[in-house]
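Below is one structure, written out as structure tokens; comments come after it.
The values are calculated or read from the model by the stated rules, or taken from the named source; none is laboratory data. Note that the coordinates shown come from a computational prediction; the quantities given were computed from them, not determined experimentally. Note: ideal-geometry Cβ built from the backbone for every residue, glycine included; neighbour counts use all protein chains shown.
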Amino acid sequence: MNIIFDHRAGLGKITQMDFIYAPCAAYPLPSEELQAVESGWAKNEWSSDGDWYQARQVRVATYAKPKMRRPAFISFSLSTGIEAIDRFDEYEAVCDAYRAHHKFSAHLNLRQTIETDVEQKRALTCSIGSRIAAFTIMRLGRGYISSLQFCWDYADRGLRLGYIMQDEECLRAAAMGFRHLYIGPGYELACAYKARLDGFQWWTGGGWSDDGDEYQRLCLRDTEASRFEEIAF
């Protein structure tokens, strides 16, 4: 696996502090992708260069039986990336509602998330009647499965669709033979909830840890930090 450090794009502060930053990217071969995922790397969904990034990744254990009660009036379907693009306007409307609810910025490019390696993408959709209420864009990779983006329109806030969809993702992954579902990086308090999920583990940079207290402390530090000094351990 080729790993590149870009010192032209990096920066450093060495007169008043010891701080050096250099963007890092990996370019695993197809046969190395599972090893990369198990070592804290993830595919950059918003790049055409095929690069992977290293981060505080999170994974959960999959399981074969539902742990959440589901209302009888909701249904689930799993579509290919191509099929999701055909209904893109419906997915984008849910994504817009999700961003508005959480006051997230519009930096998420949902179309690119689906279209990058579209043959590996899946859309797990939760519907109420004919309406898409929530969805998760997933990557069915070479030897692994990951959840890339969850969105919910919050039209029925009492349904707890976030937890129900997480439950369904784990069930689907287990049915495909996967022991773990990779659920993206864990930064800021928006990701602190992941520590409460069954089979939670996070990538420390040197291995997988199940220490939820330390993970949540780091998420809090992410949110509160505004200066380089506040990032130091």
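Here are a few things to note about the model shown:
- Taking the stretch 194-207 as the range and being surrounded by 16 or more Cβ atoms within 10 Å (Cβ to Cβ) and not basic (Lys, Arg) as the test, the residues that pass are 195, 197, 200, 201, 202, 203.
- Considering (1) in a helix (DSSP H, G or I); (2) within 16 Å of the chain's Cα centre (by Cα), the lone condition that residue 217 does not fulfil carries the number (2).
- Restricted to the stretch 124-210, the set of strands (runs of 3 or more DSSP E) holding at least 3 residues that are of a type in the set (A, V, I, L, M) and under 14 Å from the mean Cα position of the chain (by Cα) comprises 131-140.
Okay, residues lined up against (1) surrounded by 14 or more Cβ atoms within 10 Å (Cβ to Cβ); (2) closer than 20 Å to residue 57 by Cβ; (3) hydrophobic (A, V, I, L, M, F, W, C):
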site	(1), (2), (3)
89	no, no, no
116	yes, yes, no
119	no, no, no
122	yes, yes, no
153	yes, no, no
192	yes, yes, yes
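- Looking only at residues in the stretch 91-114 that are of a type in the set (Ser, Thr, Tyr) and assigned to a helix (DSSP H, G or I), the one that is surrounded by the fewest Cβ atoms within 10 Å (Cβ to Cβ) is 113.
- The residues on offer are 134, 155, 173, and the sole one that is touching a His at 6+ places or on another chain (Cβ under 9 Å) and outside the structural domain of residue 42 (by TED's automatic domain parsing) is 173.
- Figure legend. Inter-residue proximity from the stretch 77-88: first residues in contact (Cβ under 8 Å) with a residue 60 or more places away in the chain, second residues in a strand (DSSP E or B) and of a type in the set (Val, Ile, Thr), beta-carbon distance below 9 Å, spacing 6+ or different chains. Indicated pairs: 78/125.
- Residue count, the stretch 50-67 (criterion: under 29 Å from residue 196 (Cβ atoms) and loosely packed, with under 14 Cβ neighbours inside 10 Å): 4
- For residue 163, the stated conditions hold: it is assigned by TED's automatic domain parsing to the domain that holds residue 98, within 14 Å of residue 183 (Cβ to Cβ) and out of contact with any strand residue (DSSP E or B) (no Cβ under 9 Å at 6 or more places or on another chain).
- When the stretch 29-49 is filtered for residues that are surrounded by fewer than 18 Cβ atoms within 10 Å (Cβ to Cβ), modelled with pLDDT of 95 or more and hydroxyl-bearing (Ser, Thr, Tyr), only 31 remains.
- The stretch 1-46, subset assigned to a helix (DSSP H, G or I) and among the charged types (D, E, K, R), residue farthest from the chain's Cα centre (by Cα): 32
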